[in-house]
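Q: I have a structure here, written as structure tokens, and I will follow up with some questions on it.
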């Protein structure tokens, strides 16, 4: 009887929410039929049927979230009755979702992040819970919300032994072996996450006295005058990712000021010559292009620090932080070094429109190697951004202002744009970042070099 | 060290043992005048004469029984059964006599008997001439069953077999006779019940014997060269007694194992080894142990069907790719 499992719809997806079931139990299903809509942190995608038959059971209701690999429905001949234990099995298993979003106003999602990126607070808290939920512990001990007791967990004997040795609760660990079996690699991944996650004190109701029944993990007590708002999935993911990025990555910051007087003139010329329908080139598009060309010259900046190694990326893909209602996304312009500024402008415009319409696809969000966050339109004198892992750096661009600058001893009014680069000090050092910034500055101050 | 074929290693060992101990004699069909169906005994009749190299009629039960009687009286017969397929005729002699006489008669007379016989398919010899029946004997207490995969092991283990005071089934393989390998000089012996880690690896263990151990070595070498996987190969060499410790230690190291055997899968060597592994290394297993064996049909004569039915390198590769730990897949 084929089980329909929560699919992995992106490289970084850990769990998904059933948005809406399009089929109901008893419906006939053909291969390729859309069974349900799955909400991930970033997008809503279709769950397709890979088997034909009758949709016998729905194991996960609308609005419920389960890790990838967990059965969400059963397609069969139509004879199967709904069995409660299957529903439990579907709900049991790893939680610990991790996902999208970006850094402050300055980051986004990238493939491969999951492997190295700890879920700081979540992991620490869960580890403690895991340690306490030892086999002999009374059932009253803190069982994480959403995970039911007694469900059978598939784990290899070795994984079970390792979990026991480290005092881990298998229910907290996601199995990626056949049929969702927890294997050695899953335990090792989990331990690695824990190791990388600083032990953050997370107030959790785990210290409840053994005799007392565990309190239902209630919403944090709010002062009477305040309103409690549940974050959206994207907001929750952003919150997690920011903690990960800021805690795991030692940031350094290097700032400079760029004279963009000539750049603005060039932009005006470019846009004046653009036809009616042509997209206007923005300052940000030119900054993206300058960064891409500088990354060509300084490949060490176009890198990642992963699993203790430096990964140098061949492609130069630049993420642009896009402000959207109650969130932030960082779609990616691929091969920005190879594209002309008009092409970059066209793509950026299309991505921003898609972002605001919440139509970005997984492919639009993946693969960034460097990011640009621009608050220039908001009258910002300067700011620093949080790196968007696994990228090594991000450039924060502030507003252009007219300033008096001494030229030949005389005050001259020039257009000045302050920028601050945040860099991962595990890969990059201050002087290298400064040299890279000098190149960005040189390019922007000699803007015809951007048209080559 | 000298490089030689598996065939040459057996021939030279038999000749040396005939020279070393006058109680040793060879007996079997076509081993004298015809010099053996697979030429293992070439030249030996001429050198040692018809009392030491005895041609028999086609009567396996007769000459195996004769050899057992000779062994009871102190000789050290080395029987050649032309292929293991014909051993069925002598089952009573082997299972009810050779394996039990020492026990049932209060240890009065040991049975220093060796039965050499090749098994294996792939030569288009069809269903009744291509079998691997060694597990029948490995099942019986009182017998020793060994199955070397290399010329060096064949030489050292045949010496041990002939000098052992118990009945030994010495399993050869038609497809191994022409394989070559380095053979140490000197009168070395290889004790039974000692498996060999033929190749060290860390991702998973392939446990095998006889020709499939040789195939596993090739596969492991290829995978290593292509920088794909580090496969450990354990050649058990001796099915009874079985060296469980080496197997268990390897599984404890790699946490994943495949048993690779040319015979049929059900009730096979793999079944025995898998049972042992789960008994003694359960907490070290990261995945179910796989068995790779031949399809359970009488082996077809037609070449494409024979190829499809017999296990081999491709089947092992598929299993390895299936079982390899996630990071390495």
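Q: Modelled label-to-label distance, residue A:27 and residue B:16, 7 Å Cα→beta-carbon offset: nm?
A: 7.7
Q: Using a/c under 1.5 as the rounded threshold, could you call the range B:196-324 rounded, prolate or oblate? The axes a ≥ b ≥ c are square roots of the C-alpha gyration tensor eigenvalues, and prolate needs a/b larger than b/c, oblate otherwise.
A: oblate
Q: Counting DSSP beta bridges in the protein assembly as shown, what percent are antiparallel, to the nearest 5?
A: Close to 60 percent.
Q: Using alpha-carbon positions, what is the distance between the centroids of the range B:206-260 and the range A:315-335, in Å?
A: Each part's Cα centre sits 50 Å from the other's.
Q: As an exercise, take the mean of 1/r over every pair of distinct alpha carbons in the range B:2-183, invert it, and state the Kirkwood radius in angstroms.
A: On the way: mean 1/r = 0.0619 Å⁻¹.
Result for the range B:2-183, one decimal place: 16.2 Å.
Q: Calculated FRET efficiency, residue B:128 and residue A:51, Cβ-Cβ r, R0 45 Å, to nearest 0.05?
A: Efficiency, rounded to the nearest 0.05: 0.55.
Q: Starting from the Cα of residue B:89, step 7 Å along the direction of its Cβ; do the same at residue A:349; then give the gap between the two resulting points in nm.
A: Rounded to a tenth, the inter-label distance reads 9.3 nm.
Q: Choose one answer from B:287, B:198, B:90: the residue with the largest mean-square fluctuation in a GNM of chain B with alpha-carbon springs under 10 Å.
A: Taking springs between Cα atoms under 10 Å, the residue moving most is B:287.
Q: On a C-alpha basis, how far is the centre of the range A:263-311 from the centre of the range B:95-125 in Å? Whole number, if you could?
A: Between the Cα centres of the range A:263-311 and the range B:95-125 lies a distance of 81 Å.
Q: Using alpha carbons only, how many degrees (0 to 90, rounded to 10) separate the axis of helix B:210-225 from the longest principal axis of chain B?
A: 30
Q: Shifting gears a bit: What angle, in degrees between 0 and 90 and rounded to the nearest 10, separates the Cα long axis of helix B:6-20 from the longest principal axis of the Cα atoms of chain B?
A: Helix B:6-20 sits roughly 40 degrees off the main axis of chain B.
Q: Let me ask another. For the residues B:209, B:103, what sequence is obtained by ranking on other C-beta atoms within 10 Å, fewest first?
A: By the 10 Å Cβ count, ascending: B:103, B:209.
Q: Step by step: find N for the range A:1-50, compute 2.2 N^0.38 Å, then divide the Cα radius of gyration by it. What's the final number?
A: Ratio of Cα Rg to 2.2 N^0.38 Å: 1.14.
Q: Just to be sure I understand: with springs between alpha-carbon atoms less than 10 Å apart, which residue in B:45, B:26, B:316 has the highest mean-square fluctuation in the Gaussian network model of chain B?
A: So, out of B:45, B:26, B:316, the one fluctuating most is B:45.
Q: Moving on. Please work out the FRET efficiency for the pair residue A:342 and residue B:227, using the Cβ-Cβ distance as r and a Förster radius of 45 Å; give the result to the nearest 0.05.
A: With a Förster radius of 45 Å, E is 0.55.
Q: Just from its helices, what would the mean residue ellipticity at 222 nm be for the protein assembly as shown, if runs of 4 or more DSSP H residues each count -39500 (n - 2.57) and the sum is divided by every residue, rounded to the nearest 500 deg cm²/dmol?
A: Details: 22 runs with 239 residues, N = 781.
The per-residue figure over the protein assembly as shown is -9000 deg cm²/dmol.
Q: For the range B:14-93, treating each Cα as an identical point scatterer without solvent, what Debye log10 I(q)/I(0) comes out at q = 0.12, 0.17, 0.20 1/Å?
A: With no solvent term, the Cα-only Debye profile gives -0.30, -0.61, -0.85.
Q: If neighbour count is taken as other Cβ atoms inside 10 Å, put B:251, A:322, A:228 in order from fewest to most.
A: Ranking B:251, A:322, A:228 by Cβ neighbours within 10 Å, fewest first, gives A:228, A:322, B:251.
Q: Mind telling me which of B:175, B:220, B:147 comes out most flexible in a GNM of chain B, alpha-carbon contacts under 10 Å?
A: B:175
Q: How would you rank B:160, A:369, going from fewest to most other Cβ atoms within 10 Å of each one's own Cβ? Provide the component values of the computation, followed by the final result.
A: Numbers: B:160 20, A:369 28.
In order of increasing Cβ crowding within 10 Å: B:160, A:369.
Q: Compute the long axis of helix B:60-72 from its Cα atoms, compare it with the longest principal axis of the Cα atoms of chain B, and write down the angle in degrees, 0 to 90, nearest 10.
A: The angle comes out at about 80 degrees.
Q: In addition: Bin all alpha-carbon pair distances of the protein assembly as shown at 10 Å intervals from 0 and give each bin's fraction as a whole percent.
A: 2, 11, 16, 16, 14, 12, 11, 8, 5, 3, 1, 0, 0
Q: Same structure again: Considering the range A:314-452, what Rg and Dmax in Å follow from its alpha-carbon atoms?
A: 16.3, 53
Q: Using the beta-carbon distance between residue A:315 and residue A:431 and R0 = 30 Å, what value does 1/(1 + (r/R0)^6) give for FRET efficiency, to the nearest 0.05?
A: FRET efficiency, residue A:315 to residue A:431: 0.70.
Q: Semi-axes, largest first, in whole Å: what does sqrt of 5 times each Cα gyration tensor eigenvalue give for chain B?
A: 34, 21, 19
Here, each number is a calculation from the coordinates, and none is a lab measurement. On a predicted model such as this, the values are computed, not experimentally measured, just so you know. Note: ideal-geometry Cβ built from the backbone for every residue, glycine included; neighbour counts use all protein chains shown.
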